[in-house]
1. Considering only residues that are in a loop (DSSP other than H, G, I, E, B) and among the aromatic types (Phe, Trp, Tyr), which ones fall in region 366-376?
2. For residue 90, are the conditions met, namely being surrounded by fewer than 18 Cβ atoms within 10 Å (Cβ to Cβ), polar (S, T, N, Q) and over 25 Å from the mean Cα position of the chain (by Cα)?
3. Can you name the number of the only condition in (1) surrounded by fewer than 20 Cβ atoms within 10 Å (Cβ to Cβ); (2) in contact with a Ser or Thr (Cβ under 9 Å, 6 or more places away or on another chain); (3) not aliphatic (A, V, I, L, M) that residue 79 fails?
4. Residue 248: in contact with a Pro (Cβ under 8 Å, 6 or more places away or on another chain), among the small types (Gly, Ala, Ser) and buried (at least 24 other Cβ atoms within 10 Å of the Cβ), yes or no?
5. Which residues, taken from region 111-130, are within 19 Å of the chain's Cα centre (by Cα) and crowded, with 24+ Cβ neighbours inside 10 Å?
6. What's the total number of residues in region 372-383 that are under 17 Å from residue 461 (Cβ atoms) and either buried (at least 22 other Cβ atoms within 10 Å of the Cβ) or aliphatic (A, V, I, L, M) (or both)?
7. Which residues, counting only those in region 221-256, are among the small types (Gly, Ala, Ser), closer than 18 Å to residue 316 by Cα and within 8 Å of the chain's Cα centre (by Cα)?
Amino acid sequence: MNDEVEPEPEPAEDEDDDEDDWCDALGTIPYPLEGNLTVVLPTDVARVSCPSPLTVRVAGGTLTVAVDSEAVVFSGVRFVVESAASLIFSANASTEFTGIDNLQGNGGVLNVSEDGTVEMNGLAIFRNNSVQATTPETPCSGGSIYNKGIVRLRGGATFADNFVHGYYYNEEEEEEEEEEEEEEDEGTGGDGGALWNGGRILFDAGANLEGNGVEGGGNGGGLWNEGFVKFGQEATFTLNVVEGSGGGGGVFNQGGLVRFEGTSTFSQNEAFDGSAFVNSAGGRVAVGQEMSIIDNVSQEDESSVAGAVWNQADSVVFCTAMVSWEGNSGYQAGALLNAGRMVFRGEVSVRDNTAVMDGGGFINESGGRVLFFHGAEFLSNVGTGSGGAILNRGELDFTPGGDDSSSSSSSSADDNSSEESTTRTFTLDFEDNYCGEQECQDIQNKDGSSVLGLHQYVSNLCDIGTQDIVAT
């Protein structure tokens with residue numbers, strides 16, 4: 001069954017009436033579908049606006065929305081896609097979703113059940129949508145998208161100014177504003193200011209997450225993930241925020257897999273811990289192209305950690321391209337706090353990061369392991385406690401290797417044999433790091449920690465300078 005529907009609203013007296021008529025038409029979509037249904041929005045429809053929020057439920061088939069204009073805005077329209085159902089926006093038009101304000105439920109614009117699918121072929125824009133907790137014990141998540149199925153965004157996506165509100169924030173009266181500020185973070189907050197994912201989200205083109213947030217103890221100002229997320233091209237996370245005691249201003253990965261196949265940038269995000277991203281509960285993050293982590297800030301609280309990135313125990317970040325940290329700040333560990341495994345097969349640059357206490361650049365905790373394969377620079381990082389560049393309680397491994405190796409041959413005149421050896425080199429550059437009154441400006445090793453691959457080249461880990469490391 002494949003029905004095509006193009007509603008013909010009565011002639012409207014003004015543009016607002018026409019927008020409302022299209023809202024009414026969407027409200028007539030049958031539930032369940034019992035087959036496939038296509039709704040066509042003609043070229044003169046640029047906006048569908050619902051005075052009161054409208055929820056379109058998709059079940060029992062596939063709903064296709066075909067947009068003939070170059071761009072359309074859905075205001076106050078929400079889609080719930082149930083198990084085994086599909087929602088498709090078939091045209092290459094720009095489609096914006098906005099106007100969902102403090103919805104008491106998960107997923108301001110999209111709520112996708114397990115085995116449900118959503119596909120958007122054009123640019124998708126999610127702007128100014130929010131959800132709110134209904135009680136202190138009942139948080140809501142996903143300011144724009146709450147997904148347990150599959151969401152595929154083929155034409156690029158922008159998420160701007162979406163929010164997850166906690167309970168206290170919404171229940172305080174205006175005259176109790178001061179008390180509200182003290183209490184708003186005590187309630188149970190939801191996660192994922194823009195997106196909450198427990199299924200699969202595929203960004204085939206670019207992704208931009210800007211100005212999204214959560215409060216009330218929630219995590220993931222931009223994205224919260226326990227499933228699989230692929231960023232196929234450039235991804236940017238800017239000015240996302242976690243208000244209160246949560247972490248992951250840009251991304252909070254809770255045991256899932258996040259894969260960056262294009263360049264990525266985390267800039268000016270804020271959180272209590274790990275303002276750029278937090279990788280936890282055995283999560284995996286794969287970085288395939290250059291990643292820049294710039295000017296992110298975690299709170300200057302004595303229990304706060306990781307100015308930019310917090311990789312927790314049993315979690316892995318695997319980087320095959322250059323990763324750079326610059327201008328990040330936090331209470332403990334200006335750029336990175338690692339308790340899991342960090343693998344850098346590309347170059348590493350750590351500049352101008354600041355910690356109120358230890359680890360101006362990195363802190364590597366007990367049980368943590370950081371492997372450098374292609375060189376590293378730590379320049380002008382500042383901590384007032386131990387370790388201007390790195391405070392190490394675990395294992396640091398500076399093992400030369402990778403694609404920049406060169407081969408040389410030596411032969412013996414006596415037996416005409418030829419023996420080929422492979423020489424691997426990289427450069428370490430530690431300059432102008434500072435750790436207050438402590439003597440160890442570069443790498444401060446604590447009891448039980450180890451540094452592999454350096455002692456034969458560097459006599460003093462506290463003052464490394466510039467070193468070319470060569471191994472055969």
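The values are calculated or read from the model by the stated rules, or taken from the named source; none is laboratory data. For clarity, every value in this text was computed on a predicted model and none was experimentally measured. Here Cβ is always computed from backbone atoms with ideal geometry, including for glycine, and neighbour counts include all displayed protein chains.
1. Listed by number, the list holds a single entry, 373.
2. yes
3. (1)
4. Here the answer is no, as residue 248 does not meet what is asked.
5. 124, 126, 129
6. Final tally of qualifying residues: 7.
7. 248, 250
Conditions tested, residue by residue: (1) at pLDDT below 95; (2) among the β-branched types (Val, Ile, Thr).
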| position | (1), (2) |
| --- | --- |
| 131 | no, yes |
| 147 | no, no |
| 177 | yes, no |
| 199 | no, no |
| 212 | no, no |
| 217 | yes, no |
